[in-house]
Amino acid sequence: MDHYELKQESLYHACDPAGFSFETTAELKDLGQIVGQPRAVEALRFGMDIAREGYNVFALGQPGTGKQAIVCRFLERKAKSVPVPAEFCYVNNFAEARKPRVLRMPAGKGRELSHDMGRLIDDSRNVLKAAFENEEYQNRARGIAQDFQERQQHAVEELQKKTQEKGLALFKTPTGLAFAPVKEGNIIPPEEFNKLPEEERKNLEAEVQSLQEGAQKLFQKIPTWERELRDRMKSLNIEVSGLAVGPLFQELKEKYKELSDVVSYLQDAEKDMIENLQDLLPREAQQQTTPGPGGPQQDAAPMRKYGVNVLVDHGKSTGGPVIYEDNPTYQNLMGRIEHLPHMGTLLTDFNMIRPGAFHRANGGFLVLDAMKVLMQPFAWEGLKRILRAKSIKIESLGEMYGLISTLSLDPEPVPLAVKVVLLGTPMAYYLLQQHDPEFNELFKVAADFDVQMNRTPESQEEFGRLIGTVARHEGLRPLDRGAVARIIERSARMAGDGERMSIHMQSITDLLRESDYWAGKNENGNGRIMARDVDRAVEAAIYRSDRIRERMQEEIQRGTIFIDTQGGKVGQVNGLSVIQLGGFAFGRPSRISARVRLGKGEVVDIEREVDMGGPIHSKGVLILSSYLGARYATEQPFSLSASLVFEQSYSGVEGDSASSAELYALLSAIGEIPLKQSLAVTGSVNQHGEVQPIGGVNEKIEGFFDTCKRKGLNGEQGVLIPRSNLKHLMLRRDVIDAVNEGKFHVYPVETIDQGIEILSGMPAGEPDRTGKYPEATVNGRVHARLLDLAEKARKFSAQAPSQGGEE
Amino acid sequence: MNREPSRIRHILLALDQLTWSTGALETAAELAGRLGAELECLFVEDGDLIRLAGLPFAMEIGCFSCGPRPLRLDDLEMQLRAQAAEMRKALAAAARRFGTEWAFRVTRGRVASEILAASMEADLVILGKRGWNLSRRLGSTVQMVISQRTGMTLVLHPGAKLNVPVVAIYNDSETASKVLEIASSLVRVKDGRLLVLIAAQDREQAAELEKRVLQYLETQGLKAGVKAMIRPTLATLAHAVRDMGPVVVPCEQGFLRHEDLCSFMNETENPVLLIRRGEEARSMSSE
């Protein structure tokens, strides 16, 4: 009954620093390729290459795997081969100002046009000022005004002449004209007028009335003359301003002749400028240019309407844009229209259209965090709408939902060609896939990021380069090969697998930073991070997190939590569980006890009865019933009732990793065989009695080791683990040392029989041809007890009717 | 020429229902404020109009309505009172802005006579230029006042301000030196530039006059543009002062007779300050 016990080399999958091709990471170049994510990279490559609708990418992976960095790095590399996208500019729509036009321009041309228009405005001001101050214009304008005044003057003088001829005088009243008879230059006083002969009075009155009619006609003509004056002035102004600014516009039209939209815009701008030149002229010039174009200045900044709002300048771009929007609010994604408060109102124009992430990423790639998008009101719906429409339409949320009714803009949509990469957890991906039908149409490619990679000499070397690259980018000291080996070992421990490495980049980077910190404290570090710095960083991190573990171990030591580490007990075994507190996991032993009695073949899981057992745990217990019945009660009724419990468990129990321990406790209780309390057990079991692998094997072993160490190592103590977990072993140094010294033992087992032999010190026992087990074996005693119980049950059943009849 | 001129202490702004404008009030208030002079505003209710309104058939044709309506005395008086009240309010506001001491008075009678009577004590009289806005010609009232008044008279186009540069028309008359003095004072008041237009009979005279001007400017520490004109016509003079500020004109029998002066003023939009021979030169400076 010799049992295989693990030796030092099996307990820890060490990384041999001698296997590296470098002394320190300073010798290594930055890692070009992406490590450990071939599936995700392939998905990204496919998603970015396929030019079909809906082939956007959802990069799913656990937080901290470095998805964002990897995706951005991949896209930045990819973007170099993408042509620099066109620029989009908003310009005024001279026909309908509230619907700004979009101009599509080759990269760099937008800024150039904006600059050109700015210069044209300056030049226009100057040439217009010069043109309207010019003697020629002034004379022509004066001529027109003079003509009007002379017509007016002539009409007035005619009226005055007629008035004088008729012995009357013309007077201006505060609101009009009046006529009166005069005598020697003075108005005839009323009393004198009344003394005149009636005929003379009537004649005078008739004359006055006749003149009044003449004045009336004159006044009626004046508005027509004034309109004529305005029309003639306008024609003159259009002619002069057209001559002044025409060459300036012509120059630009020639320059941008390849861009028909721009030429069309320039034509509209020219027409508008000529028609509204009073906005262009400085006030001073307007005042001086009498009776020139002048007029009240309606807009504080009239030149704004000739501006060019370049949404995104690609003048210095060398490829497609890669944009990561950290705060994907609706407006940050779609763009916004800003308003300027002015005299109690909110004003806006096309110059105040601000680009969103979609504008900036147009022609390239946009990276967004899915959860952030989902948490921002309207952002997810807006994102889908834009991807479906393949154009960016800026809409104010307030207007969209009728919350604000101020006059705003309705800019022409910008055509969109962008690949979107959403970053998120697998949970987010599967939930979206399940609940949002549009999601599958728009994000057809899943880039699934792994958290682990295989450990091979090649991959360890590559990992070393990755570490070196991160250290360099983080400004950390280079790592010597020992430290790299230790980091790899630690990453294997994080992966919970000696043959794999965690590529949870956040944890790896944190470990590097903390190792660098301790290297800084190390006076003999030679400016490098060494293995002991990594060890110290790991120990310090554990120490900062392990208060709860310490308390639990203390309570076990003090006898508050019942755990025996020596002697033998019937129906009692030390199980092992893992507690995860944030980023720190640790193991702890739990006493599992079993009691049996005559019954109907059921194993009661007390945890489940009180709803403290999870479904996986319950499943494990049901498997035990099946195992017991199939192995020991094939020929007789399984007349047993057993109960199982995790002692001193005050919260839920989940997982089936204790099912083998529970089975050992049951077998012990049925066969009344004491089990060694110096051992603890982990592993799940199937219906055939095979011990299956479990998670957290390292933490569990270390948990029981810590308990034994506190209570005193006596050389008997140890842990039974599934053999299939051997590859996962990455134990702590002190555990390995204790095993080396024979103070602690790790037993890999494949079957329940192997385990029960170690625990009981008794052979398990094989059945003979008749199916009977030898008596002095565990199975023999279990079988015998079950036969005995079945017999008792049969007898009890036979007696039951007569007992009932007596009553 | 270098004697210390006496100060302008009393300015009369004379207006009636035809010639008043906010611009004239502003200009007068600013000038008086800068000079530290008292501003008296006289609003004359035209006696002829009052009389006209008493006639049984009196009608007026509205400027904008173009229709005839009876002209009643009470309506007319009410309108004149309203104009006076508005003028008073505008004057008060302008005077407050420029810190000007002011008085406002309403009188009734023949406008020219009332102004001439009131201007006896005034160092400077400011008049509105036009009779009414349908005519570009100088109103009869203004013509009468400038023909009879002996002191300084400033005639303003409605809305015109005393912008710089100041233009002085300099000739060989006795008044010319006063013109130069007043123009210089006005330049100082407005912190502006001065343009001297020399009106000469020939080149020799022009050279002589320019020399005198330059000497004067040197003594005053002033810089000015000087432009000589040989036998300038009214048209050339009007052209020369176009787009300039106020024009200070010597009123001499041999230079600009009354009719020429009126024509000149009809031709230009500039404020015109008339300087007459024999009057005491008064300074536009505030000290």
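A few comments on the model shown:
- Where labels lie 7 Å past Cα in the beta-carbon direction, separation of A:GLN250 and A:SER651 in nm: 8.5 nm
- Separation between Cα centres of the range A:541-568 and the range A:248-265, rounded to whole Å: 82 Å
- Once the chain from A:SER626 to A:ILE548 is taken as fully extended at 0.36 nm per residue, the excess over their C-alpha distance is 24.3 nm.
- Listed by chain and number, the aspartates and glutamates whose C-alpha is less than 14 Å from the C-alpha of A:LYS372, apart from same-chain residues fewer than 8 away, are A:GLU325, A:ASP326, A:GLU381.
- Spin-label pair B:THR107-A:ASN327: with each label point 7 Å from Cα along the Cα-Cβ axis, the two points sit 7.4 nm from one another.
- Whole-number percent relative contact order across the range A:636-787, with pairs defined as alpha carbons under 8 Å at least 6 apart: 24 percent
- The A:PHE562 and A:ASP734 beta-carbon pair, evaluated with R₀ = 25 Å, returns a calculated FRET efficiency of approximately 0.50.
- Distance from the range A:652-692 to the range B:68-83 (C-alpha centre basis), Å: 119 Å
- Here the spin labels are modelled as points 7 Å beyond Cα on the Cα-Cβ line, and at B:ALA117 and A:HIS688 they lie 13.8 nm apart.
- Hydrodynamic radius (Kirkwood) for the range A:511-561, which is based on Cα pairs only, to one decimal in Å: 12.3 Å
- Whether chain A is rounded, prolate or oblate, judged on the alpha carbon gyration tensor where a/c under 1.5 counts as rounded: prolate
- If only the Cβ of Lys and Arg carry +1 and only the Cβ of Asp and Glu carry -1, the dipole of the range A:55-198 around its Cα centre is close to 1640 debye.
- Selection of trypsin sites (Lys or Arg not before Pro), the range A:729-803, meeting DSSP coil and at most 15 other Cβ within 10 Å: A:ARG769, A:LYS772
- Full-extension gain in nm, A:GLU157 to A:GLU381, via 0.36 nm per residue minus C-alpha separation: 73.0 nm
- Projecting the Cα atoms of A:THR560, A:VAL603, A:SER507 onto the charge dipole of the range A:500-603, computed from C-beta unit charges around the Cα centre, puts A:VAL603 farthest toward the positive end.
- When DSSP beta bridges are restricted to pairs lying wholly in chain A, around 60% turn out antiparallel.
- Residues A:SER590, A:SER210, A:SER114 in ascending order of nearby Cβ atoms (within 10 Å, fewest first): A:SER210, A:SER114, A:SER590.
- Between 0 and 90°, nearest 10: helix B:73-98 axis offset from chain B longest Cα axis: 40 degrees
- FRET efficiency, 1/(1 + (r/R0)^6) with R0 22 Å, evaluated for A:ASP768 and A:GLU672 via beta carbons: 0.45
- Rounded, prolate or oblate (a/c below 1.5 giving rounded, otherwise prolate when a/b exceeds b/c) for chain B by Cα gyration tensor: prolate
- Legend: Rg and Dmax of the range A:110-186, from Cα coordinates, 24.8, 79 Å.
- Each of A:GLN452, A:TRP518, A:SER760 was placed along the dipole of the protein assembly as shown (beta-carbon charges, centred on the mean Cα), and the one lying farthest toward the positive end is A:TRP518.
- Under 16 Å from the Cα of A:LYS393 - lysines, other chains or at least 8 residues apart: A:LYS99, A:LYS384
- Value at 222 nm in deg cm²/dmol, rounded to 500, when DSSP H runs of n ≥ 4 in chain A each add -39,500 (n - 2.57): -15500 deg cm²/dmol
- Going from the fewest other Cβ atoms within 10 Å to the most, the residues A:LYS234, A:LYS419 appear in the order A:LYS234, A:LYS419.
- Total formal charge among the other residues, if their Cβ is under 13 angstrom from that of A:VAL596, Lys/Arg +1 and Asp/Glu -1: +2
- Potential extension, A:GLU602-A:VAL570 segment - 0.36 nm per residue separation minus Cα distance: 9.6 nm
- In chain A, the longest principal axis of the Cα atoms and the axis of helix A:260-275 are about 40 degrees apart.
- Estimated FRET transfer efficiency (A:ALA206, B:THR236; beta-carbon r; R0 56 Å; 0.05): 0.70
- Assigned charges on the beta-carbon of Lys, Arg, Asp, Glu; chain B dipole about Cα centre (debye): 400 debye
- Reach of B:LYS227 by Cα under 19 Å, taken over aspartates and glutamates that are not fewer than 8 positions away in the same chain: B:ASP172, B:GLU181, B:ASP202, B:GLU204, B:GLU208, B:GLU210, B:GLU218, B:ASP243
- Ranked by how many other Cβ atoms sit within 10 Å of their own Cβ, fewest first, the residues B:THR107, A:THR777, B:THR233 fall in the order B:THR233, B:THR107, A:THR777.
- Net charge of neighbours whose Cβ lies under 12 Å from the Cβ of A:PHE378, counting Lys and Arg as +1 and Asp and Glu as -1: 0
- Rounded to the nearest 10 degrees, the inclination of helix A:531-545 to the longest alpha-carbon principal axis of chain A is 90 degrees.
- Ellipticity at 222 nm from helices only: DSSP H runs of n ≥ 4 in chain B, each -39500 (n - 2.57), divided by the residue count, give -12500 deg cm²/dmol.
- Charges were assigned to the Cβ only: +1 to each Lys and Arg, -1 to each Asp and Glu. The resulting dipole of the range A:15-127 about its Cα centre is roughly 560 debye.
- Charge tally in the Cβ shell below 12 Å around A:SER507, where Lys, Arg are +1 and Asp, Glu are -1, A:SER507 excluded: +1
Taken together, the values in this text are just the output of simple stated rules run on the coordinates, not laboratory data. These numbers come from a predicted model, not from an experiment. Ideal geometry is used to build each Cβ from the backbone, glycine not excepted, and the neighbour counts take in all protein chains shown.
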